[in-house]
Each structure stands twice: as structure tokens, then as C-alpha cells.
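A.B. asks: Below you will find the structure I want to go over with you.
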Amino acid sequence: MKASNRIRTLTGTGDDGWGLFLRARAMKAAGEPVLELTIGEHDIPTDPRILAAMTASARGGHTGYAAVPGIPALRDAVAARLTERTGVPTSRDNVLITPGGQAGLFAAHHAACDEGDRALFIDPYYATYPATIRSVGAVPVPVQAVPEDGFQPQETALAAAAPGAKSLLINSPNNPTGVVYTPETLAGIARVACDHGLWLISDEVYDTQVWQGAHISPRALPGMAGRTLVVGSLSKSHAMTGSRLGWVVGPAEVIAHMITLATHTTYGVPGYIQDAGLHALGLGAEFEAGIAAPFLRRREIILTLLAGQQAVRAVPAQGAMYAMLDIRSTGLSGEEFAGRLLEAEKIAVMPGESFGVAAAGHIRVALTLPDDQFGEAANRLIRFANLCAARDGAD
Ligand code: PMP
């Protein structure tokens, strides 16, 4: 028996670009000392206070089916957070609790798109986007944000792709580029969404990791709350990646339909995880700043190491747990460079090409090793790039 066409073609036909990551993992499994700067995962476990709340909840009996939309107290806490951040009055009816932001992205596209609808997203993009869109039967349409524009999506490009589309997915602070969208970029995005009747799906899972500028949720912009679905998560903000806890915030009528979807897919999130999440949110902004702080430190480490050399240029690293580096002076593609770096230096980074076409000739460095190891890896990476560039120049 054959699986459905839809599921067999979820990731499209080509290589999904994660070959290098798998190669690094295989080398590590074989005992090689690989320094991994690939995926977006903290180098610390979840805080003991959050784990204590989780354990107390489970021991206290919150181990049965939990309320499918989310427990009321957590929905209220997320609503209060969004009210504070967007200025838009938000209640629990605007909130669906999901097993992580990823399930939120799926539910949001399910709510926005019908079979065959065109769903726009920005290239470079987080790896799961195209398949998430395909999984609801919609057609992923990339709109490029290019290095020359500092990877800020341009209104003209969006307006050109928008006619006939149903939704636009954006992500700021951005994975993979580390760019935070400017107020002008967001105003352009809002204009295109309004002019073309698009749902705006705003992936804000990195909203606590902003180093330069300010995070603005497009839900806060005039006329946008009725057409915006905000996807959030505790994965990055609270180092809770494995707990699988996130949310979608949007208009109450749409959230009601998404609750029906949740009833027929996830059947909610475990109650003890939700209680832990509620406790985590209660730890406040200072706790969240503490989780984000190591990424800011490592950003400084790599920016300092990059000063005084020409071969590698940093894309302005305004937020999120990544640094995107332009290595085009080496004459290599991101994929070639990452492959050679892994062989020669046993350092694993993600090729820009694994995030679409707009980030070709770049590599994404996750700021996810302890400072000393990170500094060593960054130093060797930069030295290697300079050697490659010198060799390319000599050819
Ligand atoms: N969006 C972006 C941009 C991400 O980088 C990630 C995780 N790396 C997610 C969504 C999903 O996060 P989670 O499901 O863990 O909340």
C-alpha cells in the first residue's frame, strides 16, 4: 500500500538541505570531537523551578486529559502577555494552547488556507515552513528577502506575490538570519496584508531575544488584529524545547475552529506541562532575560572576532540565537564551505542554502555552545574562511 501523495511529497522533491547536520551527528556518534553550531537549542536544561512545578503537578494528579484549548489559567496568562505586548485587548477566547510553536504553525495554516491556496512565506526561512504549508494542502510560495536589503522583506516583492494568495507567514526575530524587522518593514507587510486580504501568520517564538531595535508584533498595527495569527512558544524564551508548549493567538471565531481542529489532532497538551508553563511565565521578564543572555554574550564574542578581517561579514545580528555569516569572499557556496569546515575543523554549521535560495553563500552559526568552546569554534571558523578566501584570491 502506498501512503498518500500529500504525505509522500511533504518535503518536496529535492534535498531538504539537512545532509550536513546528519553528517555531523554521524561523526559525533562515531566518537569524533565535532563542535556543533547547528540547531537552535540551548546548552542548558530547563530550569529546576519549572521542573519542580511540573513534577508537583504530575504528582498532584494532573495526569489525565487536560482541557483541549488549554487550561484556563494558562490561556489567561498568555492573553495577558499578548495584551501587554501588543496593546490589543486579548482574552482566553483568543488563545489556543498547542504542543509547541510548530503545532501552532500547522493549526494557523489550517485555519487560514483551503486546498490549493497559495501561502506566502519569506525566504530564507525556518526549515519546516514549506512542508507545514503543504501538510494543509496549500501551496508554499517563497518571497525572497535578499542580503542587499539586509534580509528585510520588501513591500514591492510582497505586493507582486500577493494577488490571489491567502496567507503570509513572517518570522521576526528571524531564524536563520537573526534580523529583526524594522517598523517600516512591518508597516509594508501590514499594507500588503490589508490590500490583498491576506491572513498574516506571525511566528514570534524568538520575541524575547532582541539585541538591537525592538520587537514589534504586527498584531499591534492598525487594522491587523482581525487578520493576524500570532504563533508563540516557551521553547526558546524559557529553554523548554522538549516540553512542547506553545500557542496561537487570534480572533476568537478562528480560535474556536482551531480548538475543533485540536480536538481531532492533538487533543491538547498534558496538564502537568501546562502547569509548568504557567509557572515559567510567572518567573517574569528577568528570568527570560537570563535565558537570552548567553546568546547576546556569544554574539559579542563572534562580532569581536570578526572585526579586523575581511573574509567573513556578519549579517546584522539583531536578535534570535544565530549569527548569519556571509562567506561569499571564499568563492564557495554555503554548502561547500560548511562541508569543508566540517572535514577540516570538525565544526558543524548550517549552510545558508538549507534555508532557501536567498541565503546562498552564507552560513548560519547557532550561538549554542558554552562561551569558551564557542569562542574557540568561531576563531577557527574565521581563520578557515580567511584561508579559503586567500586561496580563492590566488587562483
Ligand atoms: N519557528 C521558528 C522560527 C523556529 O526556529 C522554531 C524552532 N526552531 C519553531 C518555530 C518551533 O518551535 P517549537 O515548536 O519548539 O515551539
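The values are calculated or read from the model by the stated rules, or taken from the named source; none is laboratory data. The structure presented is a predicted model; accordingly, all values stated were derived computationally and were not measured. Don't worry about glycine lacking a Cβ; one is built from the backbone with ideal geometry, like all the others, and counts go over all protein chains shown.
A.B. asks: For the range 181-237, give me each residue that is among the charged types (D, E, K, R) and without any contact (Cβ under 8 Å) to a residue 40 or more places away in the chain.
C.D. replies: Glu184, Arg191, Asp195, Glu204, Arg227
A.B. asks: Among the residues of the range 37-91, which ones are under 24 Å from Gly178 (Cα atoms) and either in contact with a Gly (Cβ under 6 Å, 6 or more places away or on another chain) or among the basic types (Lys, Arg) (or both)?
C.D. replies: Within the range 37-91, Arg81, Arg85 qualify.
A.B. asks: Go through (1) part of a loop (DSSP other than H, G, I, E, B); (2) closer than 20 Å to Ser202 by Cα; (3) of a type in the set (A, V, I, L, M) one by one and return the number of the condition Val269 breaks.
C.D. replies: (2)
A.B. asks: Got a sec? Which of Glu376, Glu343 is free of Cβ contacts under 8 Å to residues at least 24 places away in the same chain and within 24 Å of Lys28 (Cα to Cα)?
C.D. replies: Glu343
A.B. asks: May I pose another question? Collect the residues in the range 73-100 that are closer than 20 Å to Thr263 by Cβ and within 16 Å of the ligand (Cβ to nearest atom), keeping them in residue-number order.
C.D. replies: Correct list: Leu74, Val78, Val95, Leu96, Ile97, Thr98, Pro99, Gly100.
A.B. asks: Among the residues of the range 100-145, write down those that are touching a Ser or Thr at 6+ places or on another chain (Cβ under 8 Å) and polar (S, T, N, Q).
C.D. replies: Of everything in the range 100-145, just one residue is touching a Ser or Thr at 6+ places or on another chain (Cβ under 8 Å) and polar (S, T, N, Q), namely Gln102.
A.B. asks: Are there any pairs with C-beta distances below 8 angstrom linking a residue in the range 87-110 that is assigned by TED's automatic domain parsing to the domain that holds Ser202 and hydroxyl-bearing (Ser, Thr, Tyr) to a residue that is within 13 Å of the ligand (Cβ to nearest atom) and assigned to a helix (DSSP H, G or I), with the two at least 6 apart or on different chains, and if so which?
C.D. replies: Listed pairs, sorted by first residue: Thr98/Gly104; Thr98/Ala107.
A.B. asks: Output yes when any residue across the range 50-60 is surrounded by 12 or more Cβ atoms within 10 Å (Cβ to Cβ), away from the ligand (no atom under 16 Å from the Cβ) and at pLDDT below 95, and no when none is.
C.D. replies: no
A.B. asks: I'd like to check something: does the range 215-224 contain any residue that is in contact with a Cys (Cβ under 8 Å, 6 or more places away or on another chain) and either small (Gly, Ala, Ser) or within 16 Å of the ligand (Cβ to nearest atom) (or both)?
C.D. replies: Checked the range 215-224: at least one residue is in contact with a Cys (Cβ under 8 Å, 6 or more places away or on another chain) and either small (Gly, Ala, Ser) or within 16 Å of the ligand (Cβ to nearest atom) (or both).
A.B. asks: Still on this structure: Spot the failing condition for Thr156; the list is (1) among the β-branched types (Val, Ile, Thr); (2) more than 16 Å from the ligand (Cβ to nearest atom); (3) not in a helix (DSSP H, G or I), and only one is missed.
C.D. replies: So Thr156 meets the others, but not (3).
A.B. asks: Can I ask one more? Can you tell me which residue within the range 279-327, out of those that are in contact with a Phe, Trp or Tyr (Cβ under 8 Å, 6 or more places away or on another chain) and part of a loop (DSSP other than H, G, I, E, B), is surrounded by the most Cβ atoms within 10 Å (Cβ to Cβ)?
C.D. replies: Ala320
A.B. asks: Okay, moving on. Which count do you get for residues in the range 328-340 that are crowded, with 24+ Cβ neighbours inside 10 Å, touching a residue at least 40 places away in the same chain (Cβ under 8 Å) and under 22 Å from the mean Cα position of the chain (by Cα)?
C.D. replies: 1
A.B. asks: While we're looking at this one, here's another question. Mind checking which pairs have a first residue in the range 138-155 that is over 18 Å from Gly178 (Cβ atoms) and a second that is surrounded by fewer than 16 Cβ atoms within 10 Å (Cβ to Cβ), Cβ under 8 Å, 6 or more apart or different chains?
C.D. replies: Final answer for the pair search is Ala138/Asp114; Ala138/Glu115; Ala138/Gly116; Val139/Gly116; Pro142/Val357; Glu155/Arg191.
A.B. asks: Any idea how many residues of the range 120-150 are of a type in the set (Gly, Ala, Ser) and in contact with a Phe, Trp or Tyr (Cβ under 9 Å, 6 or more places away or on another chain)?
C.D. replies: Step one: of the range 120-150, the residues of a type in the set (Gly, Ala, Ser) are 127, 131, 135, 137-138, 145, 150.
So of that shortlist, the ones also in contact with a Phe, Trp or Tyr (Cβ under 9 Å, 6 or more places away or on another chain) come out as 127, 135, 145.
Of the residues in the range 120-150, 3 are of a type in the set (Gly, Ala, Ser) and in contact with a Phe, Trp or Tyr (Cβ under 9 Å, 6 or more places away or on another chain).
A.B. asks: So which residues in the range 188-214 are within 23 Å of Glu288 (Cβ to Cβ) and more than 15 Å from the ligand (Cβ to nearest atom), if there are any at all?
C.D. replies: Scanning the range 188-214 gives Trp211, Gln212, Gly213, Ala214.
A.B. asks: Can you tell me how many residues in the range 50-104 are over 21 Å from Asn171 (Cβ atoms) and of a type in the set (A, V, I, L, M, F, W, C)?
C.D. replies: 16
A.B. asks: OK, next. Name the residue, out of Glu300, Glu253, that is free of Cβ contacts under 8 Å to residues at least 24 places away in the same chain, farther than 25 Å from Ala107 by Cβ and out of contact with any helix residue (DSSP H, G or I) (no Cβ under 7 Å at 6 or more places or on another chain).
C.D. replies: Glu300
A.B. asks: Could you check the range 275-294 and list, in sequence order, the residues that are among the charged types (D, E, K, R) and in contact (Cβ under 8 Å) with a residue 12 or more places away in the chain?
C.D. replies: Matches in the range 275-294: Asp275, Glu288.
A.B. asks: Can you tell me which condition Gln318 does not meet? The list is (1) in contact with a Pro (Cβ under 9 Å, 6 or more places away or on another chain); (2) closer than 26 Å to Pro33 by Cα; (3) modelled with pLDDT of 95 or more; (4) among the polar types (S, T, N, Q), and all the others hold.
C.D. replies: Here Gln318 meets the rest and fails (2).
A.B. asks: Residue by residue through the range 114-134, note down the ones that are in contact (Cβ under 8 Å) with a residue 60 or more places away in the chain and either of a type in the set (Val, Ile, Thr) or away from the ligand (no atom under 14 Å from the Cβ) (or both).
C.D. replies: Those that are in contact (Cβ under 8 Å) with a residue 60 or more places away in the chain and either of a type in the set (Val, Ile, Thr) or away from the ligand (no atom under 14 Å from the Cβ) (or both): Leu120, Arg134.
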